[in-house]
1. Can you spot a residue in the range 592-610 that is surrounded by fewer than 16 Cβ atoms within 10 Å (Cβ to Cβ) and at pLDDT below 90?
2. Quick one: would you say residue 404 is within 30 Å of residue 271 (Cβ to Cβ) and not basic (Lys, Arg)?
3. Do we have residue 349 as in a helix (DSSP H, G or I), hydrophobic (A, V, I, L, M, F, W, C), without any contact (Cβ under 8 Å) to a residue 60 or more places away in the chain and buried (at least 20 other Cβ atoms within 10 Å of the Cβ) here?
4. When the residues of the range 39-56 are filtered to those that are among the aliphatic types (A, V, I, L, M) and in a helix (DSSP H, G or I), which remaining residue is surrounded by the fewest Cβ atoms within 10 Å (Cβ to Cβ)?
5. Restricting the search to the range 587-619, which residues are of a type in the set (S, T, N, Q), assigned to a helix (DSSP H, G or I) and touching a Lys or Arg at 6+ places or on another chain (Cβ under 9 Å)?
6. If residue 556 satisfies all but one of (1) surrounded by 19 or more Cβ atoms within 10 Å (Cβ to Cβ); (2) touching a Leu at 6+ places or on another chain (Cβ under 8 Å), what's the number of the condition it fails?
7. Scan the range 106-121 and tell me whether some residue there is surrounded by 20 or more Cβ atoms within 10 Å (Cβ to Cβ) and modelled with pLDDT under 85.
8. What do you reckon, is residue 524 more than 24 Å from residue 481 (Cα to Cα) and surrounded by fewer than 12 Cβ atoms within 10 Å (Cβ to Cβ)?
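The values are calculated or read from the model by the stated rules, or taken from the named source; none is laboratory data. A quick note: this is a predicted structure, and the numbers were derived from the prediction, not measured. A quick note on method: Cβ atoms are made from the backbone with ideal geometry, for glycine too, and the neighbour counts reach across all protein chains shown.
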Amino acid sequence: MTHQIIGKVKDIRLPLHWKRSSGGIKLNSSLQTIDAKGLNISALFNEFYVVPSYQREYVWETPQVEQLLEDIHYKFTTIEPSNSSEYFIGSIVVLAETTQTCEIIDGQQRMTTLFIVFCAIRDHLKDQNQIPPIPLINHIASYSMAPNGEQIYRYRVSLQYEDSRGILASMGAGNADISQFPSDTLSVANILNAYKVTREFLKQDKIRNGDPNEVLKFFAFLTNSVNLIRIKTTSIADALKLFETINDRGVRLTSMDLLKNLLFMHAKQKDFDALKDTWKDIIDTLYRVNENPLRFLRYYIFASYHVDRLEEENIYRWLLDNEAQVGYKSNSIGFAHQLLESAQAYAYFLKGKNVDGSRNRFLKNIGYLSGSARQHLILLLAGRHLPKDAFEMLSQQLENLFFAYIITHEPTRKFEQTFVRWSTELRKTHNSVELEAFIAERFEPAKRDLIARFQLAFRELNADSLQQYRLRYILAKISQFIDEVAELPTAIELKNYINIKIDIEHILPQTPSQVVLDIFDKPDEYTKYMNMVGNLTLLEKDIDAAIKNGRFIEKQGPYTMSSILITKSLGTKIRVGQNAAHDRAARLLEYFDSWTSQDIERRQHMLSCLAEKVWKMDG
């Protein structure tokens with residue numbers, strides 16, 4: 001975010017539906033008369049400002065704070081002392097609560113930062129054994145008169161949202177231990193950082209290493225020559241409408257911020273507290289699972305409404321154009337509750353759980369597979385209304401198809417569009433019977449179209465062709481499948497195969513001894529065969545530690561000690577006749593009494609055939 005100088009007041013470009021009048025600036029609409037003035041920072045801070053509880057938190061980080069300070073300092077050093085020109089750093093929108101108090105609707109990031117800068121300058125001067133000037137002290141706090149005639153000492157900027165934890169008041173009071181203030185929220189952390197950045201800025205060479213006289217000159221320039229356009233109205237609806245108008249291009253705020261404003265603009269004022277709490281729950285829910293709110297909002301729209309394509313930067317415009325579908329005007333709090341319910345479901349899905357918080361093994365598996373990919377969440381949100389048994393059926397099908405898309409390198413944009421198209425149909429399913437019909441019509445043909453590419457991908461699969469976590473997922477799923485067929489208790493959870501106690505074992509060792517190199521039939525292609533998935537298996541870490549980088553025949557004994565059946569089969573033929581389940585598993589495995597290039601190719605083919613069964617690609 002940059003803070004460009006935008007010229008003098010008379011040169012400000014206003015939206016087309018605004019017009020000037022002798023009484024200020026008026027709107028050619030239902031909005032009431034507003035008062036728009038260019039004020040220098042000194043005049044601006046002669047009044048008191050509050051940031052209401054429903055506003056977004058303080059989000060400026062180091063780059064934004066530094067840019068503001070650098071912009072002002074650049075003008076401070078380049079303007080001639082005799083030049084009385086005024087310079088502007090943007091606009092703010094406020095609601096006039098009283099003659100002395102304004103509620104900030106738009107611009108709290110800048111106003112909060114300026115207050116922090118004043119505190120930092122005061123503390124810097126104190127550290128230099130200088131008495132801060134009275135105007136500076138008055139810009140931080142002063143007295144106002146209560147209706148009962150009592151004097152009240154107040155800070156010029158007060159934060160009412162919960163996440164501020166009183167940090168700005170503590171900073172305004174000049175508490176010596178401000179750096180020790182607990183930064184347990186994002187707002188507190190950012191405010192403390194802004195203070196630190198400003199203190200460091202004041203000590204730079206450009207301000208003569210913090211020379212008090214130079215700092216005072218900088219303060220004088222900031223308060224006397226830097227201006228903001230303050231747009232004041234007496235109606236909350238008008239103030240929010242102005243906020244929307246100023247930010248309608250989404251340049252400074254995200255679609256999520258603008259949506260929040262949109263809901264407040266159409267909500268009844270008695271619902272503000274409930275809406276504030278609901279919105280905070282939405283953001284906190286997504287924050288706890290480290291999810292991008294804009295991605296969630298985009299996927300929510302895909303899953304809930306009829307829309308083909310939508311980029312993040314166009315979300316707000318889509319909402320404005322589709323109020324009939326969304327209904328945020330008629331029932332703002334109801335729409336917010338829908339968002340919250342979806343955000344909670346979304347968070348559960350990322351944790352591998354159903355909407356009621358119960359375990360979903362297939363969603364947990366997708367977590368091992370997906371990495372940062374999230375496109376599957378579109379269909380999960382669209383199907384979140386299904387009964388648990390049907391939803392778990394959907395989850396299993398989705399894991400299989402999602403893996404097929406990834407292993408065949410299907411472009412994410414393409415299968416995202418597929419999931420978006422399917423969402424409209426999926427929303428219409430209500431039970432397992434209807435879901436089975438949907439799967440037969442959509443999932444099965446999609447898998448049939450991929451089967452040839454799936455087989456080719458597995459025949460060529462090697463350790464260098466995909467990420468390590470996906471390689472572990474593949475080996476774990478195949479190992480789990482064999483153990484599941486054999487009805488072994490370890491097959492219940494994939495995490496029994498993906499954990500710190502399990503290693504990926506290279507049967508043909510990564511660092512071979514000379515003997516191994518001498519006996520391998522294709523030494524010139526050793527690396528190729530060593531990395532083939534047919535040469536890989538999962539092995540318990542304690543067993544792996546005991547195996548040296550030796551010959552296959554030397555490893556077979558330790559392999560028989562593994563509890564993972566497919567690895568055990570490398571050391572011995574799986575004995576048939578123990579029980580029916582064991583026999584079924586044994587028939588899926590081949591025995592190897594040597595380990596040549598042909599054996600590795602044969603095992604790669606075996607794993608490819610197993611993969612078709614594991615991910616239900618065999619029909």
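1. Within the range 592-610, the subset surrounded by fewer than 16 Cβ atoms within 10 Å (Cβ to Cβ) is 593-594, 598, 601-602, 605, 609.
Adding the requirement that they be at pLDDT below 90 leaves none.
No: the range 592-610 contains no residue that is surrounded by fewer than 16 Cβ atoms within 10 Å (Cβ to Cβ) and at pLDDT below 90.
2. Values: within 30 Å of residue 271 (Cβ to Cβ): no; not basic (Lys, Arg): yes.
When the stated conditions are applied, residue 404 does not pass them.
3. Details: in a helix (DSSP H, G or I): yes; hydrophobic (A, V, I, L, M, F, W, C): yes; without any contact (Cβ under 8 Å) to a residue 60 or more places away in the chain: yes; buried (at least 20 other Cβ atoms within 10 Å of the Cβ): yes.
Considered against the rule, which asks whether it is in a helix (DSSP H, G or I), hydrophobic (A, V, I, L, M, F, W, C), without any contact (Cβ under 8 Å) to a residue 60 or more places away in the chain and buried (at least 20 other Cβ atoms within 10 Å of the Cβ), residue 349 comes out as yes.
4. First pass over the range 39-56, keeping only residues among the aliphatic types (A, V, I, L, M): 39, 41, 43-44, 50-51.
Narrowing further to those that are in a helix (DSSP H, G or I): 41, 43-44.
On the way: 41: 23, 43: 15, 44: 23.
Result: 43.
5. First, pick out the residues of the range 587-619 that are of a type in the set (S, T, N, Q): 594, 596-598, 604, 608.
Now narrow it down to the ones that are assigned to a helix (DSSP H, G or I): 597-598, 604, 608.
Residues satisfying the conditions are 597, 604, 608.
6. Condition (1) is where residue 556 drops out.
7. Within the range 106-121, one or more residues are surrounded by 20 or more Cβ atoms within 10 Å (Cβ to Cβ) and modelled with pLDDT under 85.
8. Values: more than 24 Å from residue 481 (Cα to Cα): yes; surrounded by fewer than 12 Cβ atoms within 10 Å (Cβ to Cβ): yes.
For residue 524, the condition - more than 24 Å from residue 481 (Cα to Cα) and surrounded by fewer than 12 Cβ atoms within 10 Å (Cβ to Cβ) - is met.
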